[in-house]
Amino acid sequence: MEDILRFDTINQYSAFNKQEALHPLVNVIDLSKADPRRGRRMSYNFYVIFLKEIKCGDLRYGCNYYDYEEGTLVFLAPGQVIGENKEEFYQPQGHALVFHPDFILGTSLGQRIQEYTFFSYEVDEALHLSSYEKGIVKDCFSKIGFELKQLIDKHTKTLVISTIELFLNYCVRFYDRQFITRTNVNQGILTRFENLLTEYFNSGKAEELGLPTVAYCAEKLFVSPNYLGDMIKKETGKPPQEHIQLKLISIAKERIFDPSKSLAEIAYELGFKHPQHFSRMFKKETGVAPSEFRNMN
């Protein structure tokens, strides 16, 4: 089994990086103060956002490698693993904002944290910052660090959490900008997505494997499900599940014209286990039942 260095608490990770734990549940860590160390596979029981401020070589994240450029943000949810075990030493650089899930329990951020879908993006879907955007990020980190250095009082948690939420909301904006500036790349993924659905339904996979899922499509397109969902929604205004249903209905309409096949056969070919489920979806999307559509045409 591969050796993974696990951190359960903010105190453990702060000490590992030669930093004082200013708060047991949240900290901003200057990674340049850590001792040089070998590459390790690491897992965290808390949220981690890395701000890489210099180009620092290849880093393994999941099954992929990524070459960090200056001004890159990487988001990790609790339980994710990053890095690779290596013999060579390196000097960590950049900053890390870390906060435990317990810190945001019962707060607006705790209720909304799942909305920040970039915490489950793959590493090659990291956020690349402009110099202006990097300045905003560093300012947010600085404000959090300043507040943690004050005497903890009844206002500390509110101020820190509101700044973290402000920072994450800025990241939503920055990702929107990145989606726009990568239109050519995104259009390529969208075209491949459409082609993948066509091939799936025409090859008999639907009858064998069932209806295609967003997770299946994301895996075939080498992106994370959340990234695929966010990118397609930004490009088209519709979530990928809706695209799958529209493709399904489009192909179903064509096959209903074939009088040699029963509606039940068509339903099974399209991945439905029960023909009545196909009929319900078809009527919901078109306003008429499959049998009515066949008679109309």
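The values are calculated or read from the model by the stated rules, or taken from the named source; none is laboratory data. What you see is a predicted model, and the numbers here were worked out from it, not measured in a lab. Virtual Cβ from ideal backbone geometry, glycine too; neighbours counted across all protein chains shown.
Observations
- Those residues of the range 279-297 which are part of a loop (DSSP other than H, G, I, E, B) and either crowded, with 16+ Cβ neighbours inside 10 Å or of a type outside the set (A, V, I, L, M, F, W, C) (or both), in sequence order: 287, 297
- Within the range 225-279, the set of residues being in contact (Cβ under 8 Å) with a residue 24 or more places away in the chain and at positive phi comprises just one member, 271.
- Scanning the range 14-70 for residues that are over 24 Å from residue 134 (Cα atoms), assigned to a strand (DSSP E or B), in contact with a Gly (Cβ under 6 Å, 6 or more places away or on another chain) and at pLDDT below 90 yields a single hit, 41.
- Restricting the range 260-278 to residues that are touching a helix residue (DSSP H, G or I) at 6+ places or on another chain (Cβ under 8 Å) and in a loop (DSSP other than H, G, I, E, B), the residue that is surrounded by the most Cβ atoms within 10 Å (Cβ to Cβ): 272
- Residue in the range 122-136 that is surrounded by 19 or more Cβ atoms within 10 Å (Cβ to Cβ), farther than 20 Å from residue 41 by Cβ and modelled with pLDDT of 95 or more present: no
- Where residue 147 falls short, out of the listed (1) part of a helix (DSSP H, G or I); (2) closer than 25 Å to residue 43 by Cα: (2)
- Of all residues in the range 78-117, those satisfying the criterion of being surrounded by fewer than 16 Cβ atoms within 10 Å (Cβ to Cβ), under 18 Å from the mean Cα position of the chain (by Cα) and not in a loop (DSSP other than H, G, I, E, B) are 101, 110, 111, 112, 114, 115.
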